[in-house]
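The values are calculated or read from the model by the stated rules, or taken from the named source; none is laboratory data. Predicted model, so just to flag it, every value in this text is computed and none were measured. Heavy atoms of the whole protein, side chains included, go into the accessibility calculation; ligands, DNA and RNA do not. Shrake-Rupley method; radii C 1.70, N 1.55, O 1.52, S 1.80 Å.
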Amino acid sequence: MKVYGDYAFYKDTYKGELSEEKFNRLAIQASQYIRYATMERSDSYEGDELKYAVCEVIDIYGKFESNMDGRIVQSENNDGYSITY
């Protein structure tokens with residue numbers, strides 16, 4: 001599977017703050033998400049917009065993970081928005 005971005009772009013151009021280890025792990029997930037969302041058309045695109053999109057998704061995933069603090073969601077309810085850990 002193709003990963004749409006690298007740590008050098010993330011750190012130097014996008015100015016991201018995650019470690020390289022965390023970036024590499026989340027880059028795979030972010031690339032899979034973008035590939036799914038674009039119905040695989042992203043595989044043939046090479047522009048910087050794709051790299052920026054991956055960086056954004058990586059940061060969102062990273063913030064979500066840091067907010068979880070290692071906790072596991074036990075249940076969720078969107079009627080009154082409730083999450084139980």
Exercise for review: For region 57-77, name all the residues that are among the hydrophobic types (A, V, I, L, M, F, W, C) and at pLDDT below 75.
Suggested key: M68, I72, V73
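Kindly indicate the residue of region 1-59 that is of a type in the set (S, T, Y) and outside any helix (DSSP H, G or I) and also least open to solvent (accessible area, probe 1.4 Å) among those meeting that condition.
Ranking the candidates gives Y4 first.
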